[in-house]
């Protein structure tokens, strides 16, 4: 087991300039033991000090006793044997602590004491060890605070048994049983109270430690759960971002397909017109229309390729009436021959600032929806006028089938369409609304079943 060390907390002696340097190293050395349990590691210095004192002081005392010319009292040799045995056990206990076996060292000390205390009192009597009895509290404290409550009461039982044995020896010697029994009862009661206090203190300390460990374990579990929830949240967020990216790519692809569908309709219309005519001027006009639609398709492709860039739009300032007038040939080509296309453009109008390509595609999207609403023919009107100070209004009006309240409420929802499968993506008006709102404008729909549809767009004037 690797050695674990912890810095000794400052004490009163270590704060004194004279004792601090002298005690700091010994305390650090006593704490440097390979014990994993933090409580046992904190108690290890005390056990080592007690073991050293018990291992060193009694032999020195008996050596000095033997050197003095004092007659030996009866039973003193037996006391010396018991005392030296305790010293030997204390030395072994110190060695065990240094090896990291804290519990074995504690049990050894207590076991040697429990085995020797009763024979010691039987050999010398109760009165002969009156002055050594306060040391017995130390053994009870070691048992109660370090080992446990059971060891505490075992120590108390051994001490009470030793008191009874020693008192029996004294009564046999003196014959004064009454006074000795009173003394025995008072001292036993005193040690009983000490045992109760130590028992309650030990129980309180261990309960506090148990609660602290429980709170620590609960905190560890909470941290583990929080880390797990955090990882799950990050994983869910990554999945959401991935789903949003997939949705964005899907929307982009659907929107591009929608725009390309309208442009291909124009190209096919101009191509059919060119095949049906033999007039050079009309053929040239049809080819010009094909070229214009193809150029707009190229711009859509360019925007698809630059989708990941932040500057994928190029706002510019232009006259909306002039831009709509340039789209007039495409609008006429986009509608069925049975549809009457009318433009009412009140010039001059204040310029607007918008990506012109997006503005043109937006106009073609709305016109394509109007054309689908009039399969049997009808009338489509496009108006542009000033609607107020620094506001431009563009109104699209058709005489198609119209929309009911349920459809009108969802007309701007992405991927919502009433067209048959394969004929619409449901993104046209959703994209138009997003473009208008980003430009600071507004869009509204007024429609009824059988009465056509009116789409009104308002945009802020540039500057």
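Values computed for the structure shown
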read-out	value
Normalised contact order of region 12-224, rounded percent, pairs of Cα under 8 Å and 6 or more residues apart	16 percent
Neighbour-count order for 25, 62, 139, fewest beta carbons within 10 angstrom listed first	25, 62, 139
Likely footprinting exposure, 64, 79, 120, 350, fewest C-beta neighbours within 10 Å first	64, 350, 79, 120
Length-normalised contact order for region 315-460 - Cα pairs under 8 Å, 6+ apart - percent	23 percent
Nitroxide proxy distance, nm - points 7 Å out along Cα→Cβ at residue 340 and residue 57	12.3 nm
Using a Förster distance of 22 Å, the FRET efficiency for residue 379-residue 318 (Cβ separation, nearest 0.05)	0.20
Separation of the residue 203 and residue 442 label points, Cα + 7 Å toward Cβ, nm	7.8 nm
Extension gain, residue 234 back to residue 157 (0.36 nm per residue minus Cα-Cα distance, nm)	21.5 nm
Relative exposure of 116, 314, judged by other C-beta atoms within 10 Å (fewest first)	314, 116
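Read-outs: derived from the displayed coordinates by stated rules, not from any lab. Every value quoted in this text rests on a predicted model; they were computed, and no experiment measured them. Please note: Cβ atoms are built from the backbone with ideal geometry, for glycine as well, and neighbour counts cover all protein chains shown.
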